[in-house]
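Below is one structure, written out as structure tokens, with a few remarks after it.
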Amino acid sequence: MNDIKETVKAILTDYLKHNELRKTPERFAILEAIYDTDVHFDVDWLYNEMKRKKFTLSRATIYNSIEHLLACGLITKHQFGKSQAMYEKSYAYKQHDHLICNDCKAVLEFCDPRIYQIQSMMGQLLQFEITHHNLNFFGRCNTLTQTGACPRMNNKNIPLTAK
Ligand SMILES: [Zn+2]
Ligand SMILES: [Zn+2]
């Protein structure tokens, strides 16, 4: 994990230098917070997480850093339904797809090689060079099915990633 952190910091350093952007401690603190967690997060989560770590940053700064981290490929952006955009770390993190609870927006991940078989088969069949895919399943999380209510509905501090 520490190796990964060093590598992602180096990638960000290179990117900032290349684009003549300042190497602010905030940008590196945000990167660190993202690589310290396994959750899929939104801007509000990141804002609160940075506040918890005693960094008082504006939402504009958070948005700005997210744009740069997206540009250098250190995070990926997801649009799960109509809710606000979600992000997750992406360096050295296995490819996967998602299941999202309709109510509490909890996110589960799965990885199935058959998805790739379909992707390459369709690419060949339709002579289409596929660069990436986006596959989300929506439904009811286990707690919702069993108890009729999601734990996150009344407590937004419960992480968005259900484990
Ligand atoms: Zn749920
Ligand atoms: Zn994910």
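Read the figures in this text as sums done on the coordinates, not as results from a lab. Treat the numbers as computed from the prediction; the structure is a model and nothing was measured. Virtual Cβ from ideal backbone geometry, glycine too; neighbours counted across all protein chains shown.
Here are a few things to note about the model shown:
- Spacing of the two label points (7 Å from each Cα toward its C-beta) at D112 and E6, in nm: 3.9
- Across the options N134, T56, S83, the greatest Cα extent toward the positive end of the charge dipole of the chain (unit charges at beta carbon of Lys, Arg, Asp, Glu) belongs to T56.
- 5 Å-binned pair-distance histogram of region 20-156 (Cα, whole percent): 2, 8, 16, 17, 17, 15, 11, 7, 4, 1, 0
- For region 95-163, the equivalent ellipsoid derived from the alpha-carbon gyration tensor has semi-axes of 33, 11, 9 Å in decreasing order.
- Normalised by the number of residues in region 1-93, the mean separation of alpha-carbon contacts (under 8 Å, six or more apart) gives a relative contact order of 29 percent.
- In the chain, Cα pairs under 8 Å separated by at least six residues give a relative contact order of 20 percent.
- Fully extending the segment from D14 to K54 would add 11.8 nm, taking 0.36 nm per residue of separation and subtracting the current Cα-Cα distance.
- In terms of overall dimensions, region 1-101 has a Cα radius of gyration and Dmax of 13.3, 41 angstrom.
- Between T76 and T145, the FRET efficiency estimated from the beta carbon spacing at R0 = 25 angstrom works out to 0.30.
- By the beta carbon rule, with partners counted only under 4.7 Å, the chain holds these lone Cys residues: C72, C111.
- Residue-averaged 222 nm ellipticity for the chain, from DSSP H runs of 4+ at -39500 (n - 2.57), nearest 500: -13000 deg cm²/dmol
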